[in-house]
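Accompanying notes for the structure given below.
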């Protein structure tokens with residue numbers, strides 16, 4: 001990873017696939033080198049850890065979006081089109097036909113952080129803590145690896161560590177489990193009376209639709225207009 005960031009010929013780094021132990025890289029990344037050699041870093045699922053830690057340690061924007069494997073394997077071209085739109089055309093728009101559900105009304109602005117819930121719940125304390133103060137948090141998860149009981153565990157851990165007292169808004173992505181229990185239901189059961197806007201969509205996560213979400217730029221949730229990215233995220 002350090003060599004890829006240092007190599008001037010490398011313009012973008014795509015994670016090949018997901019996994020379980022990206023956090024094993026944290027102690028070996030050269031954050032100063034990465035900070036001074038900015039380039040696109042894109043992935044989802046286990047790479048949630050690297051994306052958020054590099055943003056937290058360097059201030060560089062990273063991208064929650066298709067892994068290289070998903071670009072090749074998906075039956076639809078949504079993720080591929082998102083990559084072209086965001087990285088080549090520098091377009092900040094989100095899918096025009098994507099459907100959003102309002103879970104809790106309101107408006108909020110803040111920097112985006114998040115990704116896979118099981119991974120992000122381990123980034124709220126300790127040496128590699130991600131600051132969530134004033135942020136808009138986006139979360140998704142994979143149902144057959146994280147059943148509702150585990151989802152509840154992750155969210156209670158975050159609640160007990162004050163995460164939901166600090167964030168400005170919440171964007172819930174794809175989650176499917178054979179029980180039919182939704183991620184938004186678990187969220188609302190745990191938060192009870194949230195004071196911030198919450199929206200739900202299926203356009204990021206482990207489903208077929210993978211929006212490229214820039215971690216570390218300002219976004220706005222308005223439950224009358226869904227969510228918008230407010231800052232450029234790729235330089236020429």
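Residues that are in a loop (DSSP other than H, G, I, E, B), touching a residue at least 40 places away in the same chain (Cβ under 8 Å) and within 23 Å of residue 47 (Cβ to Cβ) within region 86-126 comprise 90, 92, 94, 95, 98, 122, 123, listed in sequence order.
Residue 174 meets each of the listed conditions (1) out of contact with any strand residue (DSSP E or B) (no Cβ under 7 Å at 6 or more places or on another chain); (2) under 21 Å from residue 206 (Cα atoms); (3) surrounded by 15 or more Cβ atoms within 10 Å (Cβ to Cβ) apart from (1).
Whether a residue is touching a helix residue (DSSP H, G or I) at 6+ places or on another chain (Cβ under 9 Å), within 23 Å of residue 126 (Cα to Cα) and surrounded by fewer than 14 Cβ atoms within 10 Å (Cβ to Cβ) was assessed, and residue 28 passes this test. With respect to the stated conditions, residue 75 is over 16 Å from the mean Cα position of the chain (by Cα), more than 22 Å from residue 137 (Cα to Cα), exposed (fewer than 15 other Cβ atoms within 10 Å of the Cβ) and modelled with pLDDT under 95.
Among the residues of region 37-78, the one identified as more than 20 Å from residue 174 (Cβ to Cβ), part of a helix (DSSP H, G or I), touching a strand residue (DSSP E or B) at 6+ places or on another chain (Cβ under 6 Å) and touching a residue at least 60 places away in the same chain (Cβ under 8 Å) is 55. Would you please name the residue that is farthest from residue 211 (Cα to Cα), looking only at residues in region 132-162 that are touching a strand residue (DSSP E or B) at 6+ places or on another chain (Cβ under 8 Å) and surrounded by fewer than 21 Cβ atoms within 10 Å (Cβ to Cβ)? Per the criteria, the residue is 134. Would you please name the residue that is nearest to residue 93 (Cα to Cα), looking only at residues in region 183-209 that are out of contact with any helix residue (DSSP H, G or I) (no Cβ under 9 Å at 6 or more places or on another chain) and free of Cβ contacts under 8 Å to residues at least 60 places away in the same chain? My answer is 207. Evaluation of residue 34 against the conditions (1) modelled with pLDDT of 95 or more; (2) in contact with a strand residue (DSSP E or B) (Cβ under 6 Å, 6 or more places away or on another chain); (3) farther than 23 Å from residue 196 by Cβ shows that the sole unmet condition is (2). Scoring residue 10 on the criteria (1) modelled with pLDDT of 95 or more; (2) assigned to a loop (DSSP other than H, G, I, E, B); (3) crowded, with 17+ Cβ neighbours inside 10 Å leaves a single failure, condition (3).
The values are calculated or read from the model by the stated rules, or taken from the named source; none is laboratory data. Keep in mind that this is a model prediction, so the values were computed, not measured. Neighbour counts run over all protein chains shown; Cβ positions are idealised from the backbone, glycine included.
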